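Q: First the structure, which I've put down as structure tokens, then a few questions once you've had a look.
The values are calculated or read from the model by the stated rules, or taken from the named source; none is laboratory data. Computed from a predicted structure; not experimentally measured. All Cβ positions, even for glycine, are placed from backbone atoms using ideal geometry, and neighbour counts span all protein chains on display. Note: areas computed on protein heavy atoms with side chains; ligands, DNA, RNA excluded. Shrake-Rupley method; radii C 1.70, N 1.55, O 1.52, S 1.80 Å.
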Amino acid sequence: MGMTMTQKILAAHAGLESVVAGQLIEADLDLVLGNDITSPVAIHEIEKMKVDGVFHKDKIALVMDHFTPNKDIKSAQHCKCVREFACKNDITNYFDVGEMGIEHALLPEKGLTVAGDVIIGADSHTCTYGALGAFSTGVGSTDLAAGMATGKAWFKVPSAIKFTLTGKPSKWVSGKDVILHIIGMIGVDGALYKSMEFVGDGIANLSMDDRLTIANMAIEAGGKNGIFPVDDVARAYMREHSVREWVEYEADEDAVYDEEYVIDLSTLKSTVAFPHLPENTHTIDEIEAMDDIKIDQVVIGSCTNGRMDDLRAAAAIMKGKKVAKGVRVIVIPGTQKIYLDAIEEGLVRTFIEAGAVVSTPTCGPCLGGHMGVLAEGERCVSTTNRNFVGRMGHVESEVYLASPAVAAASALTGKISGPEEVGE
């Protein structure tokens, strides 16, 4: 029986010739990731283990991104805990204020993730790195502790769903619209504990940033991971960012999939997920036929959409225009490098002149932590990945998930709007 991309990677890291869906394995890890929320719990568990340090100081990444710069005493204590652990164990890849970024934007940029890797992270959106042809998935803090201590993790080998992408998306349709379309189609549990494997000639029409966005939100369909085959776009990205060697895996022709879907990218439209689930999707033409949905806030950023393609799309729409009266717009570059590149390209000036604020990299507003918490009754259009009840603040606030283009257009009109409605 043939294997999928994910199954081949897991077999190689478990030292096995082959694996099948449902099999329990123990695999070697190439990278273990923690952040300022999840790492303290793992560190306390490691202390209980009484192990002698970590398995490999170069294969652990600790990124202070959720509540940094610290918003209160508790978050400061969490970061202090991780900072001291990183110092004690001489962790090479420790990222704090001034050099940190949103973890899932930062690690590929730093070249820490490449094709063929097995990566775990105590953050559900660790599945982002599948865009580069790696197996990456989120785990709990106790699994993070075991991974940091031993360099190994156990997995139940996932079955897979195959998504064949064809065609070329239209101008304002991005990776965010692709994944929202898919989640709307299969539901938030449609890929529960399955590998979402993306193939097809349409992938060539998706940028690396598009692919990172799609893989990032695999978890929102319940997926164990999302993964793309390695092509020239991915190779060019890895050559630019990493000095590590990588291994490319392709699914066997007789690989078994639970389901298969064909998606023509040229037919997709800008898509928005209404409260309170990412599956509650509507296309922009459907929304324009509704009564106006007035908004109070727009957030452009996050581990889903804080990269250069995202900022460029938003800036192209906002350039020379003004944010609607009464709307707060917060733009968050994913990393310090992205922030600098956005300054050099004039994007930051565009945002500020339009009436937006530009923040240091942080996950803050995505989880209702800081830098944009919503009050009762407020509505936000956000390029983040979740819109559960109370996700970004008050339980009676509302979050609408959208692409940077839709978010920028909505910022200008004060209601949920498509990019075509405001033009460039």
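Q: Please list the three semi-axes, largest first and in whole Å, of the ellipsoid equivalent to the range 270-424, using sqrt of 5 times the eigenvalues of its alpha carbon gyration tensor.
A: Largest first, the range 270-424 gives 22, 18, 13 Å.
Q: Of Arg83, Arg349, which has the most accessible area and how do the rest follow, probe 1.4 Å?
A: Final ranking, largest accessible area leading: Arg349, Arg83.
Q: Then there is this: Ordered by residue, what ³J(HN,Hα) values in Hz, to whole numbers, does the range 415-422 give under the Karplus form 6.51 cos²θ - 1.76 cosθ + 1.60, where θ = phi - 60° and Gly and Pro are x?
A: Computed from phi, the couplings for the range 415-422 are 8, 5, 9, x, x, 5, 5, 10 Hz.
Q: Now for a separate question. Counting helices only, and only those DSSP H runs with n ≥ 4, report the 222 nm mean residue ellipticity of the chain as the sum of -39,500 (n - 2.57) divided by its residues, in deg cm²/dmol to the nearest 500.
A: Taking each H run of at least 4 residues, the total per residue is -9000 deg cm²/dmol.
Q: Quick check on the chain: of the DSSP beta bridges with both residues there, what percent are antiparallel, nearest 5%?
A: 20 percent
Q: With a 1.4 Å probe and all protein chains kept in place, how do Glu398, Glu353 rank by accessible area, largest first?
A: Of Glu398, Glu353, the descending order of accessible area is Glu353, Glu398.
Q: Hey, what D do you get for the range 2-149 in µm²/s if you plug the Kirkwood alpha-carbon radius into Stokes-Einstein at 4 °C and 1.567 mPa s?
A: 83 µm²/s
Q: For Lys57, give me every one of the lysines with a C-alpha distance below 23 angstrom, ignoring sequence neighbours fewer than eight places off in its own chain.
A: Of all the lysines, those that pass the test against Lys57 - Cα under 23 Å, at least 8 places apart if same chain - are Lys48, Lys80, Lys88, Lys110, Lys152.
Q: May I pose another question? Measuring from centroid to centroid over Cα atoms, what is the spacing of the range 9-35 and the range 92-162 in Å?
A: Between the Cα centres of the range 9-35 and the range 92-162 lies a distance of 13 Å.
Q: Sort the following peptides by mean Cβ neighbour count (other Cβ atoms within 10 Å, averaged over residues), highest first: 141-147, 193-199.
A: Ranked by mean Cβ neighbours within 10 Å, highest first: 193-199, 141-147.
Q: Related question: Heads up, I need the accessible area for Trp246: 1.4 angstrom probe, whole protein in place, Å², nearest 10.
A: Roll a 1.4 Å probe over it and Trp246 shows about 60 Å².
Q: A further question on this structure: May I ask for the net charge around Ala342, where only other residues with Cβ less than 11 Å from the Cβ of Ala342 are counted and Lys, Arg are +1 while Asp, Glu are -1?
A: Around Ala342, the charge tally is 0.
Q: Relative contact order (percent) for the range 1-113, with alpha-carbon contacts under 8 angstrom and 6 or more residues of separation?
A: 25 percent
Q: Please compute the alpha carbon radius of gyration of the range 261-357, then divide it by the globular-protein estimate 2.2 N^0.38 Å. Two decimals is fine.
A: Output field value: 1.22.
Q: Separate question: At R0 = 35 Å, how high is the FRET efficiency between Lys319 and Lys168 if r is their beta carbon distance? Nearest 0.05 is fine.
A: Efficiency, rounded to the nearest 0.05: 0.90.
Q: Can you order the peptides 48-56, 403-411 by their average number of other Cβ atoms within 10 Å per residue, highest first?
A: 403-411, 48-56
Q: Follow-up question, since we're still on this one. With charges only on Cβ, +1 for K and R and -1 for D and E, what is the dipole size of the range 217-320 about its Cα centre, in debye, rounded to 20?
A: Dipole of the range 217-320, to the nearest 20 debye: 840 debye.
Q: Can I ask one more? What does the range 1-49 give for Rg and for Dmax, in Å, if only its C-alpha atoms count?
A: Rg and Dmax of the range 1-49, Cα atoms, are 15.1, 43 Å.
Q: Can you give the relative contact order of the chain as a percent, counting alpha carbon pairs under 8 Å and 6+ residues apart?
A: Relative contact order of the chain: 17 percent.
Q: Right, another one. Under 10 Å, Cα contacts only: if you run a Gaussian network model on the chain, which one of Ile227, Ile37, Ile343 comes out with the highest mean-square fluctuation?
A: Judging by the Gaussian network model, the answer is Ile343.
Q: Still on this structure, I have one more. When the dipole is taken about the Cα centre of the chain, and only Lys, Arg (+1) and Asp, Glu (-1) are charged at their Cβ, what size is it in debye, to the nearest 20?
A: The dipole magnitude comes to about 1160 debye.
Q: Starting from the exponent 0.38 and prefactor 2.2 Å, build the expected Rg for the range 158-235 from its residue count and divide its actual Cα Rg by it.
A: Compared with the compact-globule rule of thumb, the range 158-235 sits at 1.01.
Q: Rounded to the nearest 0.05, what FRET efficiency do Glu376 and Lys71 give with R0 = 25 Å and r taken as the Cβ-Cβ distance? Could you check?
A: It comes out at approximately 0.75.
Q: Let me ask something else about it. Non-local amide H neighbours of Gly393 (under 5 Å, H modeled in plane, Pro and chain starts lacking H): which ones?
A: Counting only residues 5 or more places away or on other chains, the set is Leu374.
Q: So what's the Cα pair-distance distribution over the range 159-295, bin width 5 Å, in %?
A: Calculated over all Cα pairs of the range 159-295, the distribution is 2, 10, 18, 22, 19, 14, 9, 4, 2, 1, 0 percent.
Q: Just order 119-128, 275-284, 365-374 by mean Cβ neighbour count inside 10 Å, highest at the front, would you?
A: Answer by packing, highest mean first, reads 119-128, 365-374, 275-284.
Q: How large is ³J(HN,Hα), in whole Hz, for each residue of the range 172-177 in order, when computed from phi with the Karplus curve 6.51 cos²θ - 1.76 cosθ + 1.60 and θ = phi - 60°, using x for Gly and Pro?
A: 9, 8, 10, x, 5, 5
Q: Just reorder Arg244, Arg391 by solvent-accessible area, largest first, 1.4 Å probe, all chains present.
A: Greatest to least solvent exposure: Arg244, Arg391.
Q: Can you tell me the relative contact order of the range 68-162? Whole percent, Cα pairs under 8 Å, sequence separation 6 or more.
A: Relative contact order here is 16 percent.
Q: Working out 0.36 nm times the residue gap between Asp232 and Glu248, then minus their Cα-Cα distance, what length gain in nm do you get to one decimal?
A: 4.6 nm
Q: I would also like to ask the following. May I ask for the equivalent-ellipsoid semi-axes of the chain, computed as the square root of five times each C-alpha gyration tensor eigenvalue and listed largest first in whole Å?
A: Values for the chain, descending: 33, 26, 19 Å.
Q: List, in order, the whole-Hz ³J(HN,Hα) value for each residue of the range 118-129 obtained from phi through the Karplus relation with A = 6.51, B = -1.76, C = 1.60 and θ = phi - 60°; use x for Gly and Pro.
A: Calculated HN-Hα couplings, in order: 10, 10, 10, x, 7, 7, 5, 8, 4, 5, 3, 6 Hz.
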